[in-house]
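Following: one structure in structure tokens, then a few remarks.
The values are calculated or read from the model by the stated rules, or taken from the named source; none is laboratory data. From a predicted model like this one, the values you see are computed outputs, not experimental measurements. Cβ placement follows ideal geometry from the backbone for every residue including glycine, while neighbour counts extend to all protein chains displayed. In case anyone asks, the SASA skips ligands and DNA or RNA and just uses the protein heavy atoms, side chains included. Shrake-Rupley method; radii C 1.70, N 1.55, O 1.52, S 1.80 Å.
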Amino acid sequence: MSGAGGFRKRKHDSFPHGPRREGKDVNASSPVMVAFKSFQQELDARHDKYERLVKLSRDITVESKRIIFLLHRITSTPDMEEILTESEIKLDGVRQKILQVAQELLGEEMHQFHRAITTGLQEYVEAVSFQHFIRTRSLISMEEINKQLVFTTEDSGKENKTPSSDAHDKESGTWRLRITPVDYLLGVADLTGELMRMCINSVGNGDIDTPFEVSQFLRQVYDGFSFIGNTGPYEVSKKLYTLKQSLAKVENACYALKVRGSEIPKHMLADVFSVKTEMIDQEEGIS
């Protein structure tokens with residue numbers, strides 16, 4: 001306070017309040033303005049590329065989910081090969097989307113745009129590994145998935161709406177996108193939930209062998225994730241709890257089949273398992 005009832009003088013009050021300079025006084029041809037103009041164009045181009053990748057990732061996620069829903073029909077359809085053939089055709093369509101992602105990332109550092117595409121890649125890994133498990137009762141490796149994501153000019157001609165402008169790429173005629181270890185692990189972790197659903201659905205249709213095959217497979221996957229533990233990425237350690245839940249539900253189904261399978265009619269097995277699954281969920285929620 002400067003005095004009784006007065007107000008403190010603000011620092012900027014001592015400066016003269018002249019008219020502000022308008023933008024027209026700035027020399028647009030100065031080196032500083034030219035440099036910042038190029039920065040603006042580069043950032044705008046990078047932002048547009050990021051948005052295109054986000055849109056492609058959404059398309060990959062949606063199509064991969066549709067493939068997973070299609071594969072779940074195998075438990076209630078006698079012709080398994082027809083479903084697998086249709087799923088392979090749909091997976092080829094998803095790979096065309098991934099080809100567009102690879103073309104967008106040509107000459108770029110992938111990890112700068114990884115957040116934009118990780119959701120779609122995880123869902124694709126889940127769909128591919130689910131189909132592979134149904135065919136072979138085994139887990140597809142990350143190397144096998146990456147081999148499927150090497151594209152040539154013939155693949156580009158199928159459904160290419162955003163051709164690359166890179167001259168060297170046109171000469172080589174090859175595009176490649178590599179699934180990262182984190183995307184692979186998260187996709188496999190999500191796969192366990194789909195296998196749990198397939199196990200319950202197969203029991204409802206009278207298939208007694210599938211739950212035991214799924215149970216053995218999930219134990220091996222859980223053992224593998226347990227080796228990683230808390231040393232891996234945060235997202236992987238979060239998925240470990242969900243994986244454990246899926247394994248518990250499948251083991252509970254196998255236990256009921258082994259102990260009480262002869263007492264319960266086949267058409268009632270699915271109802272019994274669904275009730276027990278809800279009880280497990282409630283117990284875990286209380287604890």
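For this structure, a couple of remarks:
- Relative contact order of the stretch 181-260, defined on C-alpha pairs under 8 angstrom at six or more residues apart (%): 44
- Packing, taken as the mean count of other beta carbons within 10 Å per residue, orders the peptides 97-103, 142-148 from highest to lowest as 97-103, 142-148.
- Computed 3J(HN,Hα) for the stretch 212-217, one whole-Hz value per residue from the Karplus formula 6.51 cos²θ - 1.76 cosθ + 1.60 where θ = phi - 60°, is 6, 5, 5, 4, 5, 5, glycine and proline marked x.
- DSSP-assigned coil residues among chymotrypsin sites (Phe, Trp or Tyr not before Pro) in the stretch 218-254, each with at most 12 further Cβ atoms within 10 Å: none
- Pairwise centroid distance, computed over Cα atoms, of the stretch 49-63 with the stretch 213-262, Å: 31
- With a threshold of 20 Å on the Cα-Cα distance, the over-threshold entries among K65/K97; K90/K147; K90/K244 are K90/K244.
- With DNA, RNA and ligands ignored, accessible area of D209 (1.4 Å probe; Å², nearest 10): 100
- Surface/4 estimate of mean projected area, convex hull on alpha-carbon atoms of the stretch 181-260, nm²: 5.0
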